[in-house]
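The structure appears below as structure tokens.
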Amino acid sequence: MSGFDFFDYRNNELFCEQVKVKEIIEEVKTPTYIYSKNSILSHFAEIRDAFAEASPLICFSVKSNSNLSICRMLSDAGSGFDVVSGGELYRALKTGTGPDKIVFAGVGKTSEEITYALENNIFMFNVESQAELSNINRVANGLNKTARVALRINPDVDPNTHVKTTTGKKENKFGMDFVIAEQVIKNIANYKNIDLKGIHVHIGSPIYEPEPYVLVLEKVNEFLQKALDVKDKQKIEYINIGGGYCISYTGENVKRPSDFAAEIIPLVKKIGCKLIMEPGRFIVGNAGILVSKVIYTKTSTAGKKYIICDAAMNDLVRPSLYDAFHRTWPVNTEIPMPEVEIPGEGKDMGNGLEFVDIAGPVCESSDVLAKGRWFPGVKEGDLIAIFSTGAYGSTMSSNYNSRPRACEILVDGDNFSTLRKRETYEDLVVNEEEFLN
Ligand code: LLP
């Protein structure tokens with residue numbers, strides 16, 4: 001199965017590395033996220049090696065998977081972190097990583113978060129507005145510190161991805177346009193407690209072709225050459241190109257980091273800056289699956305067939321939120337999973353597949369994890385795997401419908417261990433109980 005590398009079927013049963021998925025589930029039950037350690041580390045190595053010529057600082061995007069042990073693993077492998085809240089900064093610091101490898105983005109950093117970041121001497125803030133820059137300057141002054149910053153530019157480039165995950169077009173709330181960035185840079189001396197270090201751009205994700213990055217870097221280069229004088233240009237030591245590097249959700253071959261590097265590195269060299277990158281999805285996306293159990297099946301008089309499983313939109317919101325496509329297949333089945341599955345193009349292969357919607361128990365019509373799929377016949381109690389859920393799966397989960405969050409398991413070779421235990425009903429009310437009268 002292209003892209004899922006460390007997950008494969010052997011004798012009709014799904015393995016993660018050398019461990020049978022079923023064996024894990026017998027111990028920890030469902031729903032459960034299972035990650036492959038060697039998949040995560042190999043993806044980290046792949047992107048690091050692809051860009052090695054530019055010796056980038058790789059800051060893993062914590063929002064994609066913020067599990068402490070996973071962040072620690074990546075930190076041990078040499079990664080820094082891209083954080084977007086005080087909470088993510090807390091997690092990043094807990095891994096024991098050097099604060100000099102942490103960059104902080106986000107349009108609404110509060111004074112408290114800025115204080116927390118300055119007190120911990122993070123490497124850089126990716127600043128998204130003049131108002132934010134003034135506030136960082138003020139807070140830094142109060143702490144008698146200098147804040148290192150990159151200006152996040154909104155370059156108005158279309159990344160050709162889902163409208164809800166597009167961040168670098170002029171109608172998006174992120175960053176500042178080139179005109180404002182120029183004004184800020186020309187007036188930077190007025191911000192006494194700011195040290196301008198670079199430019200940051202993140203235009204969206206997932207991005208399937210290098211072209212949008214090329215367009216962005218060409219625009220940034222032109223900006224640096226034309227709009228800035230030599231003195232101002234010298235301040236720009238770093239170019240941070242954000243994240244967005246695609247993964248295959250369908251099993252098709254997609255561009256790899258080396259394809260992106262081939263186009264990006266020459267432009268970074270031309271710009272003459274050091275490179276920072278913020279990959280999230282590429283590192284963890286295909287390193288995780290969500291395993292669920294079939295609770296019921298039902299068929300309407302009109303013939304519509306549903307598989308109701310015990311994972312729901314609170315566990316994995318991407319299908320409900322973005323109509324995202326995640327391949328889904330039984331954990332134990334005699335019917336081989338097709339190499340490639342294109343959304344809306346599945347077909348009856350005459351081998352016992354049924355046309356189904358796979359839905360969760362949450363009381364929302366949008367709680368459908370896999371819509372309109374040709375799927376092997378399953379019965380109550382069977383396990384199903386939802387692939388490519390290592391990124392933006394667990395981190396976007398919630399307690400909606402008072403459903404405890406799933407547990408998270410890591411497989412390493414022929415061992416597996418818990419990285420997050422399943423929440424209990426007590427966990428659900430722990431912050432409310434003391435106020436009950
Ligand atoms: N840097 C910044 C500033 C970002 O906002 C993001 C993602 C990244 C890096 C990492 O992007 P990645 O390499 O993971 O594509 N929840 C959505 C995606 C929204 C991502 C938001 N920012 C999803 O489930 O697809």
Task: Residue, farthest from residue 165 (Cα to Cα), within the stretch 312-361, restricted to residues that are touching a Ser or Thr at 6+ places or on another chain (Cβ under 7 Å) and more than 16 Å from the ligand (Cβ to nearest atom) - done: 339
TODO: Exactly one condition in (1) assigned to a helix (DSSP H, G or I); (2) within 16 Å of the ligand (Cβ to nearest atom); (3) open to solvent by 60 Å² or more (accessible area, probe 1.4 Å) is not met by residue 183; state its number.
DONE: (2)
TODO: Using the structure shown, decide if residue 268 is crowded, with 24+ Cβ neighbours inside 10 Å, away from the ligand (no atom under 16 Å from the Cβ) and in contact (Cβ under 8 Å) with a residue 60 or more places away in the chain.
DONE: no
- [ ] Identify, from the list 98, 108, the residue that is farther than 24 Å from residue 184 by Cβ, out of contact with any strand residue (DSSP E or B) (no Cβ under 7 Å at 6 or more places or on another chain) and open to solvent by 10 Å² or more (accessible area, probe 1.4 Å).
- [x] 98
Task: In the stretch 187-209, the residues that are of a type in the set (A, V, I, L, M, F, W, C) and touching a residue at least 12 places away in the same chain (Cβ under 8 Å) - done: 188, 194, 196, 199, 201, 203, 207
Open item on the list: Condition first: surrounded by fewer than 18 Cβ atoms within 10 Å (Cβ to Cβ) and not aliphatic (A, V, I, L, M). Can you find one or more residues in the stretch 315-330 that meet it?
Closed with: yes
TODO: Keeping to the stretch 186-202, report how many residues are open to solvent by 10 Å² or more (accessible area, probe 1.4 Å) and more than 22 Å from residue 138 (Cβ to Cβ).
DONE: 1
- [ ] Output yes when any residue across the stretch 131-152 is free of Cβ contacts under 8 Å to residues at least 12 places away in the same chain, more than 15 Å from the ligand (Cβ to nearest atom), on the phi < 0 side of the Ramachandran plot and of a type in the set (S, T, N, Q), and no when none is.
- [x] no
Open item on the list: Can you report the number of residues in the stretch 387-437 which are touching a Leu at 6+ places or on another chain (Cβ under 6 Å), surrounded by 12 or more Cβ atoms within 10 Å (Cβ to Cβ) and assigned to a helix (DSSP H, G or I)?
Closed with: 0
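The values are calculated or read from the model by the stated rules, or taken from the named source; none is laboratory data. Because the structure is a prediction, the values reported are computed rather than measured. FYI the Cβ positions are ideal-geometry reconstructions off the backbone, even for glycines, and counts take in every protein chain you see. Accessible surface areas use protein heavy atoms only, side chains included; no ligands, DNA or RNA. Shrake-Rupley method; radii C 1.70, N 1.55, O 1.52, S 1.80 Å.
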